[in-house]
1. Where along chain A is the Cβ that lies nearest the axis linking it to chain B, and how many Å separate them?
2. Using only the alpha-carbon atoms, how far is helix B:61-72 inclined from the longest principal axis of chain B? Give it as 0 to 90 degrees, nearest 10.
3. Residue by residue through A:81-89, how many Cβ atoms from other chains fall within 10 Å of the Cβ on average?
4. Rank the residues A:Thr72, B:Thr186 as a footprinting-exposure proxy: fewest other Cβ atoms within 10 Å of their Cβ go first.
5. Give me the angle, in degrees from 0 to 90, between the Cα long axis of helix B:175-210 and the longest principal axis of the Cα atoms of chain B, rounded to the nearest 10.
6. Ordered shortest first, which distances in nm separate the 7 Å Cα→C-beta label point of A:Pro172 from those of the other copies?
7. If a/c stays under 1.5 just call it rounded; otherwise compare a/b with b/c (prolate if a/b is bigger, oblate if not). Do that for the protein assembly as shown, with a ≥ b ≥ c from the square roots of the Cα gyration tensor eigenvalues.
8. Please state the shape class of chain B: rounded when a/c is under 1.5, otherwise prolate if a/b exceeds b/c and oblate if not, all from the C-alpha gyration tensor.
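All of the numbers you see were taken from the coordinates with simple rules; none came from a lab. The shown structure was predicted, so the numbers you read here are calculated from the model rather than taken from an experiment. No Cβ is skipped: glycine too gets one built from the backbone with ideal geometry, and neighbour counts run over all protein chains shown.
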Protein chains: 2
Amino acid sequence: MRLAELSESSGVAVATLKYYLREGLLHPGQAVSRTQADYDETHVERVRLVRALSEVGGLSLSTIGRVLEVITSPGQDWITVLKTAQRALGSGNDNGSDSRDGSGPDLARGPRASAWLSARGWQVDPTDPLIDDLERAWAACESVGLGLDEGRMNAYADHVEGIGEVDVDSVPTDPEGAVRQVVLGTVLVDPVLAALRRLAHQHISVSRTASH
Amino acid sequence: MRLAELSESSGVAVATLKYYLREGLLHPGQAVSRTQADYDETHVERVRLVRALSEVGGLSLSTIGRVLEVITSPGQDWITVLKTAQRALGSGNDNGSDSRDGSGPDLARGPRASAWLSARGWQVDPTDPLIDDLERAWAACESVGLGLDEGRMNAYADHVEGIGEVDVDSVPTDPEGAVRQVVLGTVLVDPVLAALRRLAHQHISVSRTASH
């Protein structure tokens, strides 16, 4: 198909597609003349992925470029794909991941969270910035007296591990599909789980009141 | 203690405390002269609650006023306290809850989410705006092809029910303590669970790769 048709089937303006091509977010089409190229289903898929990462995932085009670079390199294993997608999402700060990536190993990061994760036996990269995210979120709970001790954290983690199994089971095996599922699943399933948690509070409270 | 001392022990400026008193967010002290009053620990506690709801919960002072009005009315049952706290938090829109509260029963809201909740047997208020939140979050996942069908939703809900049990078990029995725990626990524990979910993805992926 021509660029105008790719624009039509993807719902993305021709000018934007040309920008994606210049920035390398979209692979070139098959040249059919000096000024025209032919595009196929792989281009439609790629444009959908870029739009989803940008509009739903909230990633900048430069971050999307880095994500695509990693997942389209040959021989990527699943853990690398997962961590690339996770780091691109960062902790709500699209620029933060770069500086953190370059900081190298720092075994003292998130000391309480690190110690707890080790004791639990979770196999995670000890230098992952996610451990700092956990440390900060945990400290915020403690600072207002929510009483989130190791015991309650373990109780949460047992259930979250079950949620993680459901997530990982639903990830496709191709790298592009996997990164799409990881990024979008991370961003879009969080609100589903948050709504479910609040409804569960109601259900559990009503059930307990009824049984007294 | 005098107002200046209340200011010191709560870390809140005298002018702000006077504003809380005028708006009824803080109950009057015991008058000791025409211009002075005496405050006690109940005032310190209340100021801490207002600050936490405002700074951590992100609630406006008028919303906090409505929350306090409900929880300080005599004879409030736990379900009312829970729902008041949940509605004050709304769906990220501090003004939204009012208009929705006034809309009355609407059994057609969130049709797919409603049907799924009924089938699951969760005892929730069928008019609760949370059902709309769930419907929207679910539809957003489907719109990008995340494949979130009823089966996967049930799998999530099983685990979230476990998280809800941990939450409800940690709620104190006094209404002020309960609303504090519900609002702050809702706002502050979500980021803990989000970080845990991402770390669980790593742990599960590494474990599965190792076992192949």
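1. Closest Cβ on chain A to the axis mapping it onto B, in Å: A:His159, 2.
2. Relative to chain B, helix B:61-72 is tipped by roughly 90 degrees.
3. Working: counts 1, 6, 4, 0, 2, 4, 0, 0, 1.
For this peptide, the per-residue mean of nearby foreign Cβ atoms is 2.
4. Numbers: A:Thr72 13, B:Thr186 18.
Neighbour counts put them in this order, fewest first: A:Thr72, B:Thr186.
5. For helix B:175-210, the angle is close to 30 degrees.
6. 5.1
7. Details: a/c = 1.95, a/b = 1.81, b/c = 1.08.
Cα axes put the protein assembly as shown in the prolate bin.
8. Working: a/c = 2.75, a/b = 1.83, b/c = 1.50.
Note, shape of chain B comes out prolate.
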